[in-house]
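Contents: one structure, followed by commentary.
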Amino acid sequence: MSASCLVVPSPFGPLTLFAEDDAVIALDWGQGATTEGTVPDVLNRAKHQLAEYFAKTRRIFDLPFNPTGTVFQNRVWTALSSIPYGETRSYGDLAQDLGTSPRAIGNACGANPIPILIPCHRIIAANGQMGGYSGENGVVTKQALLNLEHAE
(Lines give C-alpha, C1' and ligand atoms only; values in the text may rest on other atoms or scores of the structure.)
Protein backbone atom coordinates (compact mmCIF):
# COMPACT_ATOMS: atom_id res chain seq x y z
CA MET A 1 0.00 0.00 0.00
CA SER A 2 1.29 3.51 -0.78
CA ALA A 3 1.37 6.39 1.67
CA SER A 4 -1.61 8.72 1.91
CA CYS A 5 -1.52 12.25 3.23
CA LEU A 6 -3.86 14.89 4.57
CA VAL A 7 -3.23 18.56 5.33
CA VAL A 8 -4.69 19.72 8.65
CA PRO A 9 -4.86 23.19 10.20
CA SER A 10 -3.01 24.02 13.40
CA PRO A 11 -2.10 27.12 15.41
CA PHE A 12 1.35 26.79 13.79
CA GLY A 13 0.07 26.74 10.22
CA PRO A 14 -0.76 23.71 8.11
CA LEU A 15 0.55 20.30 9.07
CA THR A 16 0.68 17.36 6.67
CA LEU A 17 -0.08 13.93 8.11
CA PHE A 18 1.06 10.77 6.36
CA ALA A 19 -0.28 7.25 6.81
CA GLU A 20 0.54 3.85 5.43
CA ASP A 21 -1.13 0.51 6.19
CA ASP A 22 -3.62 2.15 8.59
CA ALA A 23 -0.94 3.79 10.79
CA VAL A 24 0.39 7.34 11.01
CA ILE A 25 3.99 7.36 9.75
CA ALA A 26 4.86 11.08 9.68
CA LEU A 27 3.80 14.64 10.40
CA ASP A 28 5.45 17.42 8.41
CA TRP A 29 5.32 21.16 9.08
CA GLY A 30 3.75 22.97 6.18
CA GLN A 31 1.38 22.03 3.43
CA GLY A 32 2.14 19.08 1.24
CA ALA A 33 0.03 17.66 -1.54
CA THR A 34 -3.14 16.01 -0.26
CA THR A 35 -3.95 12.49 -1.41
CA GLU A 36 -6.63 12.33 -4.07
CA GLY A 37 -9.68 10.18 -3.41
CA THR A 38 -10.72 8.59 -0.16
CA VAL A 39 -8.80 9.66 2.93
CA PRO A 40 -7.90 6.74 5.18
CA ASP A 41 -9.80 6.61 8.46
CA VAL A 42 -6.58 6.88 10.48
CA LEU A 43 -5.83 10.28 8.90
CA ASN A 44 -9.34 11.56 9.62
CA ARG A 45 -8.99 10.37 13.23
CA ALA A 46 -5.57 12.03 13.50
CA LYS A 47 -7.00 15.30 12.14
CA HIS A 48 -9.84 15.16 14.66
CA GLN A 49 -7.54 14.29 17.57
CA LEU A 50 -5.10 17.09 16.70
CA ALA A 51 -7.99 19.58 16.62
CA GLU A 52 -9.04 18.35 20.08
CA TYR A 53 -5.45 18.62 21.33
CA PHE A 54 -5.14 22.22 20.12
CA ALA A 55 -8.55 22.98 21.70
CA LYS A 56 -7.20 21.55 25.00
CA THR A 57 -9.83 18.79 25.15
CA ARG A 58 -7.48 15.88 24.32
CA ARG A 59 -4.45 14.85 26.33
CA ILE A 60 -3.66 11.42 24.85
CA PHE A 61 -3.51 10.46 21.20
CA ASP A 62 -5.20 7.16 20.50
CA LEU A 63 -3.78 6.34 17.08
CA PRO A 64 -1.60 3.62 15.60
CA PHE A 65 1.89 4.89 14.79
CA ASN A 66 4.52 3.24 12.63
CA PRO A 67 7.47 5.65 12.47
CA THR A 68 10.48 4.62 10.43
CA GLY A 69 13.63 4.56 12.52
CA THR A 70 16.24 2.41 14.16
CA VAL A 71 15.42 0.05 17.02
CA PHE A 72 16.98 2.60 19.40
CA GLN A 73 15.01 5.52 17.96
CA ASN A 74 11.79 3.54 18.30
CA ARG A 75 12.64 2.82 21.96
CA VAL A 76 13.09 6.56 22.55
CA TRP A 77 9.88 7.44 20.71
CA THR A 78 7.94 4.88 22.77
CA ALA A 79 9.40 6.41 25.95
CA LEU A 80 8.42 9.90 24.76
CA SER A 81 4.84 8.72 24.30
CA SER A 82 4.70 7.71 27.96
CA ILE A 83 5.46 11.24 29.23
CA PRO A 84 2.12 12.59 30.49
CA TYR A 85 0.48 15.65 28.97
CA GLY A 86 1.69 18.83 30.62
CA GLU A 87 4.84 17.25 32.05
CA THR A 88 8.43 17.37 30.92
CA ARG A 89 11.50 15.18 31.36
CA SER A 90 15.12 16.06 30.80
CA TYR A 91 17.29 14.55 28.11
CA GLY A 92 19.42 13.15 30.96
CA ASP A 93 16.47 11.59 32.81
CA LEU A 94 15.32 9.78 29.69
CA ALA A 95 18.91 8.79 28.89
CA GLN A 96 19.28 7.26 32.35
CA ASP A 97 15.99 5.36 31.95
CA LEU A 98 17.14 3.94 28.60
CA GLY A 99 20.81 3.40 29.49
CA THR A 100 22.22 5.83 26.94
CA SER A 101 23.51 9.40 26.65
CA PRO A 102 21.53 12.65 26.65
CA ARG A 103 23.00 13.43 23.21
CA ALA A 104 21.60 10.15 21.84
CA ILE A 105 18.18 11.11 23.22
CA GLY A 106 18.46 14.52 21.57
CA ASN A 107 19.40 12.95 18.25
CA ALA A 108 16.43 10.57 18.43
CA CYS A 109 14.11 13.48 19.29
CA GLY A 110 15.44 15.39 16.29
CA ALA A 111 14.73 12.38 14.06
CA ASN A 112 11.16 11.91 15.35
CA PRO A 113 9.01 11.74 12.19
CA ILE A 114 5.73 12.29 14.08
CA PRO A 115 6.24 15.39 16.28
CA ILE A 116 3.36 16.54 18.49
CA LEU A 117 1.73 13.10 18.29
CA ILE A 118 4.94 11.55 19.63
CA PRO A 119 5.67 14.39 22.07
CA CYS A 120 9.39 15.13 21.73
CA HIS A 121 8.53 18.71 22.76
CA ARG A 122 8.23 17.39 26.34
CA ILE A 123 12.00 16.80 26.56
CA ILE A 124 14.04 19.71 27.92
CA ALA A 125 17.56 20.27 29.23
CA ALA A 126 18.32 19.49 32.88
CA ASN A 127 18.75 23.22 33.59
CA GLY A 128 15.23 23.96 32.33
CA GLN A 129 16.37 25.32 28.96
CA MET A 130 14.37 24.22 25.94
CA GLY A 131 17.14 22.45 24.04
CA GLY A 132 16.28 22.03 20.37
CA TYR A 133 13.14 21.23 18.41
CA SER A 134 12.79 19.93 14.88
CA GLY A 135 9.40 21.51 14.26
CA GLU A 136 8.66 24.67 12.32
CA ASN A 137 10.20 27.68 14.10
CA GLY A 138 12.21 25.39 16.39
CA VAL A 139 12.27 26.28 20.07
CA VAL A 140 9.52 28.91 19.65
CA THR A 141 7.10 26.16 18.61
CA LYS A 142 8.36 23.83 21.36
CA GLN A 143 7.68 26.51 23.98
CA ALA A 144 4.24 27.20 22.48
CA LEU A 145 3.32 23.49 22.68
CA LEU A 146 4.47 23.34 26.31
CA ASN A 147 2.51 26.52 27.07
CA LEU A 148 -0.59 25.01 25.45
CA GLU A 149 -0.28 21.93 27.68
CA HIS A 150 0.36 23.95 30.85
CA ALA A 151 -2.48 26.41 30.27
CA GLU A 152 -5.25 24.76 32.23
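By DSSP, the beta bridges lying fully in the stretch 1-139 are antiparallel in about 75 percent of cases. Each Lys or Arg adds one and each Asp or Glu subtracts one; over the other residues with Cβ under 10 Å from the Cβ of Arg59, this totals 0. Given the alternatives (1) 23, 17, 15; (2) 32, 23, 14; (3) 25, 18, 13, semi-axes √(5λ) of the Cα gyration tensor in Å as computed for this entry is given by (3). Within the chain, Cys5 have no other Cys Cβ under 4.7 Å of their Cβ and so lack a disulfide-compatible partner by this rule.
Note on the stretch 81-152 and the stretch 10-51: Cα centroid distance 22 Å, given to the nearest whole angstrom. Across the accessible surface of the chain, with the other protein chains kept in place and a 1.4 Å probe, carbon and sulfur atoms take up 50 percent.
The values are calculated or read from the model by the stated rules, or taken from the named source; none is laboratory data. The shown structure was predicted, so the numbers you read here are calculated from the model rather than taken from an experiment. For neighbour counting, all protein chains shown are included, and Cβ atoms are generated from backbone atoms with ideal geometry for every residue, glycine included. Note: accessible area is taken over every heavy atom of the protein model, side chains too, but ligands, DNA and RNA are not part of it. Shrake-Rupley method; radii C 1.70, N 1.55, O 1.52, S 1.80 Å.
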